[in-house]
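All of the numbers you see were taken from the coordinates with simple rules; none came from a lab. These figures come from a predicted structure and were not determined experimentally. Glycine also receives a Cβ, built like all others from the backbone with ideal geometry; neighbour counts cover every protein chain displayed.
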């Protein structure tokens, strides 16, 4: 079968049918890098998507953020504070994306959202120990699978067997065979157009590290190690296991000591357990 790769325009067409949350997160990231930004500007940005704003309020009312009493975006932001707002909005974004069917990939939306959250928290924890930017690391972990959502949305229009029914294929080989592009490549294209910084785009693009003995980008090595943490805790995604095999080169590239992995994983999982109820908005 001759496969024609989905063009960037078609990828973006499918991507723009997804909830607006990731695009708003890109704008929020930019806003939070502005020293003059205030909570009212952040509230105005989040209110641009009524569904996301409602989810932010529900998450702020979850046990992870001290229970009930939040009635507005302003209330939510005042409760969590400036330093926590990005994590709160990120959790609400994952909550929103969790409603997207992912049948072609063989996992449920909840599996994807739990993997995204735990990987993001592990990335953030590892970043603090490696000297990387914790917010950038969190973002890469949170949206590293956005390409799967885009390609999953395209699956109805692109013929071929679903994964893992396509026996004999690795995940990337199946994506290449069916869509003419891999999910990290698709995700990188979309995130760049949406305005995420280059470090986030690189982390998503290189997350599987084609040559594990010569990783190219520290943030990619970091998300690779974080993804291994999520998989080891039972929250991995099918077909990715081979990409997370540890080796010294990954830790060197990520500027991590191997001894940092266990405490980072413990810290991330503890936070994950506290935040997990927020994925359902309960």
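What angle do you read, to the nearest 10 degrees and between 0 and 90, between the alpha-carbon axis of helix 109-130 and the longest principal axis of the chain? With both axes taken from Cα atoms, the answer is about 80 degrees. Applying 1/(1 + (r/R0)^6) with r as the Cβ-Cβ distance of residue 156 and residue 216 and R0 = 45 angstrom yields a FRET efficiency of 0.85.
For the range 127-218, what D do you get in µm² per second when you plug the Kirkwood radius from alpha-carbon pairs into Stokes-Einstein at 20 °C and 1.002 mPa s? This corresponds to a translational diffusion coefficient of 151 µm²/s. Taking Cα atoms of the range 19-99, Rg/Rh with Kirkwood Rh, to two decimals? Using only Cα positions, Rg/Rh for the range 19-99 is 0.93.
Using only Cα positions of the range 66-195, each an equal point scatterer, no hydration layer, compute I(q)/I(0) via Debye at q = 0.15, 0.19 Å⁻¹ and quote the log10 values to two decimals. Per q value, in the given order, log10 I(q)/I(0) is -0.80, -1.11. Reported value for the range 1-147: 139 Å³ per residue, from the convex hull of its C-alpha atoms. If each Cα of the range 166-256 is one equal point scatterer, what is log10 of I(q)/I(0) from the Debye formula at q = 0.12, 0.15, 0.24 Å⁻¹? Listed by q, the Debye log ratios stand at -0.38, -0.59, -1.26.
With bins 5 Å wide beginning at 0, the percent of Cα pairs of the range 59-105 falling in each bin runs 5, 20, 26, 22, 10, 7, 6, 4, 0.
Based on Cα contacts under 8 Å between residues 6+ apart, the range 19-99 shows a relative contact order of 36 percent. Here is the size of the chain from its Cα atoms: Rg then Dmax, 18.1, 57 Å.
Fully extending the segment from residue 41 to residue 110 would add 21.7 nm, taking 0.36 nm per residue of separation and subtracting the current Cα-Cα distance.
Per residue of the chain, what 222 nm ellipticity follows from adding -39500 (n - 2.57) for every DSSP H run with n ≥ 4, rounded to the nearest 500? Computed mean residue ellipticity for the chain: -18000 deg cm²/dmol. Pairs of Cα atoms nearer than 8 Å and 6+ residues apart set the relative contact order; for the range 146-282 it is 18 percent. What do you get when you divide the Cα radius of gyration of the range 114-174 by 2.2 N^0.38 Å, with N the number of residues? Dividing the Cα radius of gyration by 2.2 N^0.38 Å gives 1.47. Normalised by the number of residues in the chain, the mean separation of alpha-carbon contacts (under 8 Å, six or more apart) gives a relative contact order of 23 percent.
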